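Participant: If you scroll down you'll find the structure; I have some questions about it.
No lab work stands behind these numbers, since they all come straight from the coordinates. Note that the coordinates shown come from a computational prediction; the quantities given were computed from them, not determined experimentally. In this analysis, Cβ positions are derived from the backbone assuming ideal geometry, glycine residues included, and neighbour counts consider all displayed protein chains.
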Amino acid sequence: MTVPHYRRILVKLSGEALLGGDSYGIAPETLHRIADELAEINALGVEVAVVIGGGNIFRGAGLAAAGMDRVTADHMGMLATVMNALALQDALERRDVFCRVMSAIQINQVCEDYIRRRAVRHLEKGRVVIFAAGTGNPFFTTDSAASLRAVEVGAELLLKGTKVDGVYNSDPVTDPSAQRYEKLTYDDVLSQRLEVMDATAIVLCRDQGMRIMVFDITRPGAMVEAARGEPVGTVVDPGPASAEEEHT
């Protein structure tokens, strides 16, 4: 039997990760693949928490920029994350994985309220826990929610899913010469303004020593490899190596 490298992890999924090749909503085949991988990680004996965004349905910052009240827009974005969380819960339960959705805003008829001790107990029982509605506060991203929840539940690793295989010094989609970093420190990310997570999330991870691994969520199997402790993507931790020495 494979011995898991981590006891407990938190996976950060953007809403866009559920799009697949679509421009809006949830692509069933993508949802099913992600659920398969989460189920596989759960079967390894790793305790799995998930924070999911809502950008595939609604992005609060977008409408706020167009003139909507920011607090109202962010509350709408929180509701979009609940919809994604329920979809992922259904996909996991169809794979016989016990799963709970916990929301930072009260929607008792469709999911549980977020209570830290209850969330930890669910994880200890081997249930996948999906955290919805961000932090429950406007002006905070789901990246910040992922960092906060990872620290609160005592995760050993925060897995950040993106569309590329790690962190680059420029956009690899538009810059063929972009170089990928194997390892970064939190201060490297902040000083170079690298787009790993927002600054609030990075500072919390730095202050609490939460290790981050940035990986390609679009590549089948990458999430499972990361959970097994294999070298996937870019690692962000306290150091000591500098960013300039570590990129390849």
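Participant: So, counting K/R as plus one and D/E as minus one, what does the shell of residues with Cβ under 13 Å around residue 24 add up to? Could the numbers behind the result be given before it?
Facilitator: Details: positive: 59; negative: 16, 22.
So the environment of residue 24 carries a net charge of -1.
Participant: At a temperature of 4 °C and a viscosity of 1.567 mPa s, determine how fast the chain diffuses translationally according to Stokes-Einstein, using the Kirkwood radius over alpha-carbon pairs as Rh; express D in µm²/s, rounded to the nearest whole number. Working shown, then result.
Facilitator: Values: Rh = 18.1 Å.
Answer, rounded: 72 µm²/s.
Participant: Another one. Excluding residue 89 itself, calculate the net charge of residues whose Cβ lies under 12 Å from the Cβ of residue 89, where each Lys or Arg counts +1 and each Asp or Glu counts -1. Mind dumping the intermediate values first?
Facilitator: Working: positive: 94, 95, 100, 127; negative: 90, 93, 112.
Cβ neighbours under 12 Å give a net charge of +1.
Participant: So what is the relative contact order for the range 22-133, in percent, with contacts set as C-alpha pairs under 8 Å and at least six apart?
Facilitator: Values: 164 pairs, mean separation 35.8, N = 112.
Across the range 22-133, relative contact order equals 32 percent.
Participant: List 158, 31 from most exposed to least, where exposure is judged by having the fewest other Cβ atoms within 10 Å.
Facilitator: Working: 158 26, 31 19.
Sorted ascending by nearby Cβ count, the order is 31, 158.
Participant: Now a separate question. Taking 8 Å as the Cα distance limit and 6 or more residues as the minimum spacing, I'd like the relative contact order of the chain as a percentage. Each step should come with its number before you reach the end.
Facilitator: Values: 526 pairs, mean separation 52.6, N = 248.
21 percent.
Participant: Right, something else. What order do you get for 29, 182 when you list them from fewest to most C-beta neighbours inside 10 Å?
Facilitator: Details: 29 9, 182 16.
By the 10 Å Cβ count, ascending, the order reads 29, 182.
Participant: Can you tally the net charge around residue 142? Count Lys and Arg as +1, Asp and Glu as -1, for every other residue whose Cβ sits under 14 Å from the Cβ of residue 142.
Facilitator: Charge balance near residue 142 sits at 0.
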